[in-house]
1. Taking the condition of being aliphatic (A, V, I, L, M) and either closer than 20 Å to F139 by Cα or assigned to a loop (DSSP other than H, G, I, E, B) (or both), how many residues in region 183-193 meet it?
2. Can you list residue pairs whose Cβ atoms sit under 7 Å apart, with the first residue in region 105-131 being assigned to a helix (DSSP H, G or I) and the second being of a type in the set (S, T, N, Q)? Count only pairs 6 or more apart in sequence or on different chains.
3. Kindly indicate whether L180 is buried (at least 24 other Cβ atoms within 10 Å of the Cβ) and not charged (D, E, K, R).
4. Residues to consider are I152, I203; find the one that is crowded, with 20+ Cβ neighbours inside 10 Å, under 27 Å from S106 (Cα atoms) and either among the polar types (S, T, N, Q) or modelled with pLDDT under 90 (or both).
5. Checking the condition assigned to a helix (DSSP H, G or I), at pLDDT below 70 and in contact with a Leu (Cβ under 9 Å, 6 or more places away or on another chain), which residue from S26, S63, S54, S102 passes?
6. Would you check if A215 is modelled with pLDDT under 85, surrounded by fewer than 20 Cβ atoms within 10 Å (Cβ to Cβ) and part of a helix (DSSP H, G or I)?
Amino acid sequence: MIKILGQSTYYQFLMFLRIKQAVFFSLVFPVFLFFIFGNLWGAADKDYISLLLSGIIGMTVASDGLFAVGPVVKEYYASGLIKYLRKLPFNILWHFTGLILSRIISLLFIVALLCLTAKLAFDYSVTLSQLLDFVSGIFIGLFLFSFTGLVITFSGIKHNSSAGLINLIYFIMLFTSKALYHIENEMINLVGNILPLNSILSILRGEGFHTSIIAWLLFTIALFYYLFNKVKFGR
């Protein structure tokens with residue numbers, strides 16, 4: 001199974017590199033956003049640069065999971081490939097785990113670019129402890145948001161209604177989270193804390209692990225597996 005997982009991860013990563021638009025928005029855009037926001041709001045404030053760096057990473061993890069993994073299933077469904085995935089000689093979760101791991105590889109490269117930008121543009125050095133927090137947050141966050149994206153996609157796969165819902169959920173999470181700024185409003189904080197992005201940001205910032213993440217992971221993985229097996233395919 002480890003060999004199957006490794007091969008799946010490798011080929012999924014090669015497929016990602018061939019899509020220029022995906023490479024731009026996954027690799028170039030986060031660095032560009034970090035540079036612009038950092039210069040606008042906190043070039044001389046090391047605390048804000050630290051908050052922004054982890055926030056951009058969290059935002060990128062969420063968008064990668066929701067938009068780069070979930071929509072792939074639509075292509076599988078439209079092409080008819082998805083019905084063959086159900087007949088693979090191994091559990092379908094291994095295939096999608098390989099897809100998620102391929103995204104983790106690209107995210108680790110993004111973190112390296114962001115840390116380099118922080119040093120060159122803002123003279124901010126990332127510590128080893130922070131790097132370990134970033135890696136932990138990426139692994140946990142990408143699995144969580146990927147299966148969230150898969151659940152949303154499968155819930156409306158026959159009606160092509162998932163794209164708008166994914167956008168809505170992503171932007172609600174982003175603007176109610178503490179990714180780019182501190183939030184004083186109690187109601188917005190309440191919504192943001194219920195949604196999973198703030199919990200992932202806590203890991204990225206070394207503030208601790210929230211047990212709610214386990215509930216989100218178990219719920220999304222179980223629901224995806226149920227929806228996948230429930231989908232009926234035409235001949």
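The values are calculated or read from the model by the stated rules, or taken from the named source; none is laboratory data. Because the structure is a prediction, the values reported are computed rather than measured. All Cβ positions, even for glycine, are placed from backbone atoms using ideal geometry, and neighbour counts span all protein chains on display.
1. 1
2. Within 7 Å, the pairs are S106/S26; L107/T60; I110/S26; I110/T60; K119/S125.
3. For L180, the condition - buried (at least 24 other Cβ atoms within 10 Å of the Cβ) and not charged (D, E, K, R) - is not met.
4. I152
5. On the way: S63 fails: at pLDDT below 70; S54 fails: at pLDDT below 70; S102 fails: at pLDDT below 70.
Being assigned to a helix (DSSP H, G or I), at pLDDT below 70 and in contact with a Leu (Cβ under 9 Å, 6 or more places away or on another chain) holds for just one of S26, S63, S54, S102, which is S26.
6. no
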